[in-house]
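Encoded as structure tokens, the structure appears first; notes follow it.
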There are 2 protein chains.
Amino acid sequence: MTDTTVRTGGAPTLHDVAREAGVSLATASRVLNGSTRKVAEAYRERVQAAADRLGYTANLSAQAIARGTSATVALLVADIADPYFGQIASGVAHAADEAGLIVTIAMTERDPQREVALVRALRGQRPRGIVLAASRDTASDADALTAEIASVQSTGGRVVTLGAALPGTRVVAYENEAGARALAGKLTALGYRDAVVLAGPEGLRTSDDRLAGFTAGFADGGGATPRIVRGQISRDAGYEATARLLEEGLGPGTLLFGISDVVAIGAISAIRDAGRAPGSDIAVAGFDDIATGRDVTPGLTTVHLPLEELGAQALRAAVEDDWTPPAPVSLEVLVRDSTPPRQ
Amino acid sequence: MTDTTVRTGGAPTLHDVAREAGVSLATASRVLNGSTRKVAEAYRERVQAAADRLGYTANLSAQAIARGTSATVALLVADIADPYFGQIASGVAHAADEAGLIVTIAMTERDPQREVALVRALRGQRPRGIVLAASRDTASDADALTAEIASVQSTGGRVVTLGAALPGTRVVAYENEAGARALAGKLTALGYRDAVVLAGPEGLRTSDDRLAGFTAGFADGGGATPRIVRGQISRDAGYEATARLLEEGLGPGTLLFGISDVVAIGAISAIRDAGRAPGSDIAVAGFDDIATGRDVTPGLTTVHLPLEELGAQALRAAVEDDWTPPAPVSLEVLVRDSTPPRQ
DNA sequence: CACGCCCGACCGGATCGGAGT
DNA sequence: CACTCCGATCCGGTCGGGCGT
């Protein structure tokens, strides 16, 4: 009865289903994948039954070609093992799932050149959108990146940057500068006057903005101009930088502002490993409110960022036709025990 | 001179390049994408120049169809925001990048039914391989999952499970049971006799194995049979379970074994929040050695897992033709301050 | 006779115009 | 004259066979 031919290689195709059901390709296509046209109930059932019997699943690549648009969104992060990016990715993936889209992920490893190369490679997927979560702005390769971005857009792909705004892209912003300023305000109110900022490399927009906001806020509150130490934005970099600072000598009551929570958490560990007391002796604050911040001791003072929600927003920005820039999410300062009041 | 026709829609196609270079489609294809055949240097240059001028990038979907094999690998995790999965994903992505493959990611959110549905959906990509990092084994839907897996394999896709072995798949294993047993051994040697295991849901293979190993090792070392409390494998679940335990009353010197580090870290926070002392009062141990374990206080005693390396191994298992199961990586117990010697 | 280019069939599916009842 | 199904064409590539030099 049914076709007993040994299937040569791969998965059952629409042709197979059509033959099995005794209908044309076009009809099978219509019942299995949406379409405006109608198909009589009898045919519909026959096709469905055949598809189930064969275990048919549409080949997404073929659909992408035929339809001229793919169901994928690309996400570019610095390192998916970093909780900051992990939470963002989680939000992106969640929203993508709801929209029936597939997420492909790539890591820049904080290398601007890799970022350009990856955007170019990702272009091959003809994604509906690309979410750039790891971007710098004033980088040396900004032009190359801009060019790639333009290419993506010319193929109908949306490009959205999360955090730092990149020219000509949709951007999901949050108020780095205002947040850092508010944080500095609270800290000066708590009595802090001396600070060191553990910043990222110059030109990294997110870092630059937070640095600017913090510096301004700290000055407004009566603090001294903070010293700036630059390094990678990672736990280990924060640890190393802090260890060096402690060797040089750091007075009690000094505040360390890690440009991001991972840096701050590295700093806390370095302080403890040096035999000093994080919080009461050397205070520490961060930015992002990654989940870990609740579990370190003392609890990390930081600026709350709704990371998963930001990821979800970014995805929506990447796929929605009618998208209007939402108001930048406003941030909330969370004072925990890593910055006790100075008496 | 050059064709000034307004490009209708999308990206430049190979046709465009061929026309621009004045060569045939086949020739353009051969120079731009590898091929055994040779093409004269003069043509090669003409084509390259044209491609560069147009900013051509091959359409991966079209290639996938034409070649009959796609350049993607799918990764299934429970939640990418969980550092355990984040580090694994990082390893997978890294290795994929080296192999010139693209990684698509999906989250099961710890729902077995979702897992089945996702594998089915992922099948549409005709991936070269699927890495299942979030799998249970003795689940109710095991049959459905097995069926989906078989389908993937029949289309030439490799399926590899990380951690728990799934029938008929390549598996990257690590010694959950032996590791937990070794951990229990060290802990009894430190003087612990009473333990509570914060385990995952029954049927979750990884959890079951660790539980079995720990129980056996603890008994061997002279400890009492541990009490078992089950919950989700997450920081919050660990926190809640521990808070409840503390309310019921937990004697000093009790050891809490979190089936995974995230659970253990939740436990530490719960102990501290309850006004007790993690480590000296209630000891805590975990499993996985996620990065955060170094930064909590006291440092978390755990079993080291080379998560990124495991991810990389899984990717290789998913794509290599000649793959032989590597020896299961052996694990190392790391005793830190969360389990001080009992006197 | 080799070498190296071009022609054409094909991959899996979407969609439009036409045809059958 | 409605409905609804089918054949043909196209999407963007790959690849083997044929053919000119």
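The values are calculated or read from the model by the stated rules, or taken from the named source; none is laboratory data. Being a predicted model, the structure only gives us computed values, none of them experimental. Using ideal geometry, Cβ is built from the backbone for each residue, glycine included, and neighbour counts are taken over all protein chains shown. The protein model used for the area step is the full one, side chains on, heavy atoms only, and it has no ligands, DNA or RNA in it. Shrake-Rupley method; radii C 1.70, N 1.55, O 1.52, S 1.80 Å.
Interface residues of region B:145-186, defined as a loss of at least 20 Å² in heavy-atom accessible area between the chain alone and the complex of all protein chains with a 1.4 Å probe, are B:S154, B:T155. Note on region B:215-343: with charges restricted to the Cβ of Lys and Arg (+1) and Asp and Glu (-1), its dipole about the Cα centre is near 600 debye. A simple rule links phi to the HN-Hα coupling: the Karplus curve 6.51 cos²θ - 1.76 cosθ + 1.60 with θ = phi - 60°, which for region A:15-30 gives 4, 4, 4, 4, 4, 4, 8, x, 10, 7, 4, 4, 5, 4, 4, 5 Hz, with x for Gly and Pro.
Our Cα-only numbers for region A:14-58 put the radius of gyration and Dmax at 9.0, 25 Å. Could you tell me the center-to-center distance, by alpha carbons, between region A:212-239 and region A:83-135 in angstrom? Region A:212-239 and region A:83-135 have Cα centres separated by 29 Å.
With a 1.4 Å probe, how much accessible area is buried between chains A and B, both sides summed, in Å² to the nearest hundred? What A and B bury together is about 3900 Å². Accessible surface calculations at 1.4 Å, restricted to protein heavy atoms, place the protein assembly as shown at 41 Å² per residue.
For the protein assembly as shown, with all protein chains in place and a probe radius of 1.4 Å, 51% of the accessible heavy-atom surface sits on carbon or sulfur.
Against the globular-protein guess of 2.2 N^0.38 Å, express the Cα radius of gyration of region A:71-172 as a ratio, rounded to two decimals. Intermediate values should be presented prior to the final figure.
On the way: Rg = 12.4 Å, N = 102, 2.2 N^0.38 = 12.8 Å.
Output field value: 0.97.
Relative to the longest principal axis of the Cα atoms of chain A, the long axis of helix A:261-273 makes an angle of roughly 50 degrees.
Remark: relative contact order (chain A) = 16 percent; criterion is Cα-Cα distance under 8 angstrom and separation of 6 or more residues. Relative to the longest principal axis of the C-alpha atoms of chain B, give the angle of the C-alpha long axis of helix B:112-123, reported between 0 and 90° and rounded to the nearest 10°. The answer is roughly 20 degrees. The accessible area of A:H94, taken with all protein chains in place and a 1.4 Å probe, comes to roughly 80 Å². Only helices enter this figure: runs of n ≥ 4 DSSP H residues, each worth -39500 (n - 2.57), summed and divided by the residues of chain A, yield -13500 deg cm²/dmol at 222 nm to the nearest 500. Between the chain alone and the structure with every protein chain in place, find the residues of region B:76-99 that drop at least 20 Å² of accessible area; heavy atoms, 1.4 Å probe. Flagged in region B:76-99: B:I80, B:A81, B:G86, B:S90, B:A93, B:H94, B:D97. The convex hull built on the alpha-carbon positions of chain A has an orientation-averaged projected area of 21.4 nm². Average projection, convex hull of the Cα set of the protein assembly as shown: 35.3 square nanometres.
Quick one: net charge around B:V159, please, counting Lys, Arg +1 and Asp, Glu -1 for every other residue with C-beta under 10 Å from its C-beta. Write down the numbers at each step before the final one.
Details: positive: B:R158, B:R170; negative: B:E148.
Spelling it out: positives minus negatives among the neighbours equals +1.
Think of each Lys and Arg Cβ as +1 and each Asp and Glu Cβ as -1; about the Cα centre, that makes the dipole of chain B roughly 860 debye. Interface burial in region A:111-128, defined as at least 50 Å² less accessible area with all protein chains than with the chain alone at a 1.4 Å probe, covers A:G124, A:R126.
Distances between copies of A:G275, taken at a point 7 Å out from Cα along the Cα→Cβ vector and listed shortest first: 3.4 nm.
Which trypsin sites (Lys or Arg not before Pro) in region B:124-218 sit in a loop by DSSP (not H, G, I, E or B) and have at most 15 other Cβ atoms within 10 Å of their own Cβ? Filter output for region B:124-218: B:R193.
Residue by residue, region A:242-259 carries 3J(HN,Hα) couplings of 5, 4, 5, 4, 5, 5, 5, x, 9, x, x, x, 6, 10, 9, 9, x, 4 Hz when phi is fed to the Karplus relation 6.51 cos²θ - 1.76 cosθ + 1.60 (θ = phi - 60°); x denotes Gly or Pro. The C-alpha atoms of chain B define a longest principal axis, and helix B:176-189 lies at about 30 degrees to it. Positive end of the dipole of the protein assembly as shown (Cβ unit charges, origin at the Cα centre): among B:L250, A:A64, A:A291, the Cα lying farthest that way belongs to A:A64. The string of couplings for region B:286-293 from the Karplus curve (6.51, -1.76, 1.60, θ = phi - 60°) is x, 7, 2, 6, 6, 4, 4, x Hz, one whole number per residue in order, with x for Gly and Pro.
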